[in-house]
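Here the structure comes first, spelled out in structure tokens, and everything after it is commentary.
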């Protein structure tokens, strides 16, 4: 192979192999020559060949099979939009790092990747040296597709990536995951990009973007029915208070030296509505003192207050925002002599005493990805609000399917 001096050799080797794959000269499933053979064929160094092959593996064009060799990958997915190159952004509320593999943003993003046919592609991880962003880039040049997970800086305190970075990224369309900062969303929509907002039931932005959110109606209703079937009628609701990065003050006693304000998690309002409706359908009133909003850090004090209530108001069960509230609450109450049952929402199996109201985060990501692609194909169609149903899943064994897609795609390449 004759090399040009103006282009790195590994890039030339990579492009030569890609050209043969895309043209069909190297057909899907075909075994490539060994690295030793490629060194002779291409008259290149082992470092050049290995680097070129590694990049083609990351792009999903070739696969390595231990003990068998390297093969051309089966290309089962056509371009998302024939004749058009696309760069799509999935915007996280926190950093994009391997340590976040398996969290909610990651599972939603995996659902989107699967819906777009981005399988077997290893991401290229990057953290900006200036400390403004983190991201993972998935490239499929043969399909004309690039997908990026974009997050804030490492250990950043903000709950959204930099809008300046988003504006410069050159995205054709974006989806946000769990970002509830309304001023930030205003700025994002001002960029004019086709946008799907995931996991934020904000009617305020429903006229400018598609919304895909967790629909608690069935799951929380069925949880109430479950408690009633066990003879438990004093059912309380505990919504979540989350940190508010817009209201923070210096405090050396806190992590990062900052004390955050608190606000109600927007999803808690929907879950409260589902709880109230279920109670009313069964002829049960909901006294004001049965509805609570608590931060995770205050659950022990909350349990003490519940245990001190008069018997007529003391809960037999608590319907919580999430299992991360429900599980410790059961223990704190038991320590104070108050035996109660509890349930809460989760996006993965929970194997404790708390009962699970399950949201399939992978499905939420797939639904959002399909709507974002539909927006690109039909820019003038009406904006849609789509709820992904939460399901009451008290048996842990029945929840295993929720983690069937929890493979890691944020491992260091």
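Within the stretch 306-324, does at least one residue satisfy the condition of being assigned to a helix (DSSP H, G or I) and surrounded by fewer than 20 Cβ atoms within 10 Å (Cβ to Cβ)? Break it down stepwise before answering.
Of the stretch 306-324, the ones assigned to a helix (DSSP H, G or I) are 306-307, 323-324.
Filter again for surrounded by fewer than 20 Cβ atoms within 10 Å (Cβ to Cβ), leaving 307, 324.
Yes: the stretch 306-324 contains one or more residues that are assigned to a helix (DSSP H, G or I) and surrounded by fewer than 20 Cβ atoms within 10 Å (Cβ to Cβ).
Does the stretch 199-209 contain at least one residue that is outside any loop (DSSP other than H, G, I, E, B), outside the structural domain of residue 268 (by TED's automatic domain parsing) and touching a helix residue (DSSP H, G or I) at 6+ places or on another chain (Cβ under 8 Å)? Before the answer, list the steps.
Filtering the stretch 199-209 for residues outside any loop (DSSP other than H, G, I, E, B) gives 203-205.
Okay, now just the ones that are also outside the structural domain of residue 268 (by TED's automatic domain parsing), so 203-205.
Next cut, touching a helix residue (DSSP H, G or I) at 6+ places or on another chain (Cβ under 8 Å) only: 204-205.
Scanning the stretch 199-209 turns up at least one residue that is outside any loop (DSSP other than H, G, I, E, B), outside the structural domain of residue 268 (by TED's automatic domain parsing) and touching a helix residue (DSSP H, G or I) at 6+ places or on another chain (Cβ under 8 Å).
In the stretch 236-288, what count of residues is obtained for those that are assigned to a strand (DSSP E or B), within 25 Å of the chain's Cα centre (by Cα) and modelled with pLDDT of 80 or more?
8
Can you name every residue in the stretch 154-183 that is more than 25 Å from residue 364 (Cα to Cα) and at pLDDT below 90?
154, 155, 156, 157
I'd like to check something: does the stretch 76-86 contain any residue that is more than 25 Å from residue 150 (Cα to Cα), in contact with a strand residue (DSSP E or B) (Cβ under 8 Å, 6 or more places away or on another chain), outside the structural domain of residue 145 (by TED's automatic domain parsing) and touching a residue at least 12 places away in the same chain (Cβ under 8 Å)?
No, there is no match, as no residue in the stretch 76-86 is more than 25 Å from residue 150 (Cα to Cα), in contact with a strand residue (DSSP E or B) (Cβ under 8 Å, 6 or more places away or on another chain), outside the structural domain of residue 145 (by TED's automatic domain parsing) and touching a residue at least 12 places away in the same chain (Cβ under 8 Å).
Quickly run through the stretch 32-57 and pick out the residues that are touching a residue at least 40 places away in the same chain (Cβ under 8 Å) and surrounded by 13 or more Cβ atoms within 10 Å (Cβ to Cβ).
Once the filter is applied, which keeps residues that are touching a residue at least 40 places away in the same chain (Cβ under 8 Å) and surrounded by 13 or more Cβ atoms within 10 Å (Cβ to Cβ), the stretch 32-57 yields 32, 42, 44, 51, 52, 54, 55, 56, 57.
If you check 95, 105, which single one turns out to be under 11 Å from the mean Cα position of the chain (by Cα) and in the same structural domain as residue 141 (by TED's automatic domain parsing)?
Values: 95 fails: under 11 Å from the mean Cα position of the chain (by Cα).
105 is the lone residue from the list that is under 11 Å from the mean Cα position of the chain (by Cα) and in the same structural domain as residue 141 (by TED's automatic domain parsing).
For residues that are crowded, with 21+ Cβ neighbours inside 10 Å, in contact with a strand residue (DSSP E or B) (Cβ under 8 Å, 6 or more places away or on another chain) and not in a loop (DSSP other than H, G, I, E, B), tally how many sit in the stretch 107-139.
First, the residues of the stretch 107-139 that are crowded, with 21+ Cβ neighbours inside 10 Å: 107-113, 116, 118, 121, 123, 133-136, 138-139.
This time we only want the ones that are in contact with a strand residue (DSSP E or B) (Cβ under 8 Å, 6 or more places away or on another chain), so: 108-109, 112-113, 116, 118, 121, 123, 133-136, 138-139.
Checking which are not in a loop (DSSP other than H, G, I, E, B) leaves us with 108-109, 112-113, 134-136, 138-139.
Within the stretch 107-139, residues that are crowded, with 21+ Cβ neighbours inside 10 Å, in contact with a strand residue (DSSP E or B) (Cβ under 8 Å, 6 or more places away or on another chain) and not in a loop (DSSP other than H, G, I, E, B) number 9.
The values are calculated or read from the model by the stated rules, or taken from the named source; none is laboratory data. Just so it is clear, the model here is predicted, and its values are computed rather than measured. Note: ideal-geometry Cβ built from the backbone for every residue, glycine included; neighbour counts use all protein chains shown.
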